[in-house]
Amino acid sequence: MSDQLLAWLSLYGVPVLFGILVVTAAGVPFPDTLMLLAVGSFVAQGEMSLWQVLIVGSLGAIVGDQIGYCLGLGAGRRLVRRITNRVGGTETMKRAEAFGERWGGAGIFFSRWLVGPLGPWINVSSGITAYPWPRFLLWDALGEVLWIVLYVMLGRIFNDRVEALADLLGNLTWVLVGVTAATVLGWKVFRHFRTGQAVSIDPGDGLAQPN
Amino acid sequence: MRSTIIRTARTFRWLPWLGLAVFLLLAGFTAFKAVDAARSVIYWHAHRDEPIRGWMNVGYVAHSYRVPPHVLYLALGLPHQPPDRRPLRVIAKMQHRSMNEIRAILQNAIVHARPPYPPPPPPSEGRAP
């Protein structure tokens with residue numbers, strides 16, 4: 001699959017880059033890291049224009065993110081409302097919205113370029129918690145432009161071995177995601193077993209809540 | 001007996017234990033990926049040449065293996081000017097060859113374009129081997 005996509009990229013250039021980034025940002029698992037590094041290598045060899053790649057790539061990723069946000073805001077929010085009406089949890093939803101309002105910007109920004117695998121989930125959850133769209137767009141655009149510039153330039157610098165670099169970056173990203181999630185969860189579990197407090201998975205209430 | 005089990009099940013605080021289980025799973029996954037990352041770093045240091053893939057074009061392979069592009073174009077029976085931007089899998093299809101054949105042809109040409117073999121002259125000065 002990735003071989004075919006990269007072959008199309010090599011053959012048709014930036015329109016394919018735009019299309020793949022839209023669907024990847026919307027949540028379809030395509031090998032975007034390898035693609036951006038390969039694009040950087042094509043730029044280094046004079047087969048693609050750097051500015052065209054940066055502009056079209058950023059636009060593609062931003063458009064894809066808006067699709068995820070709109071899905072969350074429309075269908076996702078309706079689904080959550082239906083569930084909370086039946087089984088309760090309206091208060092939890094309100095706390096989640098408040099939490100999103102407070103920390104959403106950082107989450108959106110860092111999930112664009114540092115912990116990329118979380119990006120599509122953050123898009124949908126931002127829509128579900130009705131995170132203000134202008135702020136979502138601002139953080140999203142900043143993060144996506146940084147991601148595109150960073151990866152294309154890395155591909156441009158290490159242009160003779162993009163597959164090895166993609167493997168390395170992919171693994172490092174997952175290590176970062178795993179360390180972040182394990183640290184947060186590990187801290188909650190540790191506190192529970194040490195102090196006897198209940199572990200809370202509620203996003204709006206800090207690390208743990210007294211029983 | 002049955003009511004004791006039901007009561008225990010109802011009063012058992014499963015959430016912390018579920019949290020611990022998920023934490024252990026996450027820690028295992030992270031360790032696995034860290035080993036993969038370390039392996040990638042070792043591979044990065046040990047190999048400069050990338051495996052030849054169908055998405056690469058002749059220019060990329062020549063650049064990655066640091067050989068003159070015309071050597072590879074000649075080996076595939078393609079004109080070297082203007083540079084052919086098509087991916088290798090498209091070239092393979094046009095030439096009714098498998099990717100393995102294309103890979104073997106290119107690797108053979110690369111070996112003969114690197115020391116201890118003398119580099120072939122560019123086409124304007126003579127025929128490449």
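Brief remarks on what is shown
- Taking max minus min of the alpha-carbon positions on each principal axis, segment B:42-126 gives extents of 37, 30, 20 Å, largest first.
- In degrees, nearest ten, helix A:2-12 long axis to first principal axis of chain A (Cα): 50
- CD proxy at 222 nm, helix term only [per DSSP H run n ≥ 4: -39500 (n - 2.57); per residue of chain B; nearest 500]: -20000 deg cm²/dmol
- Using only alpha carbons, segment A:2-161 has a radius of gyration to Kirkwood radius ratio (Rg to Rh) of 1.07.
- Sorted by Cβ neighbour density within 10 Å, fewest at the top, the residues A:192, B:47: B:47, A:192
- Among A:186, A:107, A:74, residue whose mean-square fluctuation peaks in a GNM of chain A (springs only between Cα atoms under 10 Å): A:186
- Take each residue in B:17-30, count the other chain C-beta atoms within 10 Å of its C-beta, and the mean is 6.
- For segment A:173-182, 3J(HN,Hα) computed residue by residue from phi via the Karplus equation (6.51, -1.76, 1.60; θ = phi - 60°) reads 4, 5, 4, 5, 4, x, 5, 4, 5, 5 Hz, glycine and proline entered as x.
- Integer Hz, Karplus 6.51/-1.76/1.60 couplings in order for segment A:90-100, x for Gly and Pro: 4, 5, 4, 4, 5, 5, 4, 5, 5, 4, x
- Between the helical axis of A:14-25 and the longest alpha-carbon principal axis of chain A there is an angle of about 10 degrees.
- Efficiency of FRET from Cβ geometry, residue A:121 and residue B:114, R₀ 41 Å, rounded to 0.05: 0.30
- Residues considered: B:62, B:109, B:31. Largest GNM mean-square fluctuation over chain B, using C-alpha springs under 10 Å, is found at B:31.
- Helix-only [θ]222 nm of chain A, DSSP H runs n ≥ 4, -39500 (n - 2.57) each, per residue, nearest 500: -26000 deg cm²/dmol
- Using C-alpha pairs under 8 Å with a sequence gap of at least 6, the mean separation divided by the residue count of chain A gives a relative contact order of 27 percent.
- Degrees between helix A:32-44 axis and first principal axis of chain A (Cα, 0 to 90, nearest 10): 30
- Between residue B:24 and residue A:102, the simple label model (points 7 Å from Cα in the Cβ direction) yields a spacing of 3.2 nm.
- Scanning chain B for DSSP H helices at least 20 Å long along the axis (C-alpha atoms) with a Kyte-Doolittle mean no lower than 1.0 picks out B:14-46.
- Note on chain A: GNM, Cα springs under 10 Å; of A:108, A:122, A:83, the largest mean-square fluctuation is that of A:83.
- Treating each Cα of segment A:142-199 as one equal point scatterer and applying the Debye formula with no solvent, the log10 of I(q)/I(0) at q = 0.16, 0.19 Å⁻¹ comes out as -0.65, -0.76.
- Average silhouette area of segment B:2-46, convex hull of alpha-carbon atoms, in square nanometres: 3.8
- R0 of 25 Å, Cβ-Cβ distance residue A:94-residue B:15: FRET efficiency to nearest 0.05: 0.75
- Taking every Cα-Cα distance in the protein assembly as shown and sorting them into 20 Å bins starting at zero, the pair-distance distribution P(r) comes out as 25, 45, 23, 7, 0 percent.
- Counting every other Cβ atom within 10 Å of each residue's Cβ, A:140, A:3 order from fewest to most as A:3, A:140.
- Residue exposure sequence - B:30, A:183, A:129 - by fewest surrounding Cβ within 10 Å: A:183, B:30, A:129
No lab work stands behind these numbers, since they all come straight from the coordinates. Nothing here was measured: the structure is a model prediction, and the numbers come from that model. Positions of Cβ are backbone-derived with ideal geometry, glycine not excepted, and every protein chain shown enters the neighbour counts.
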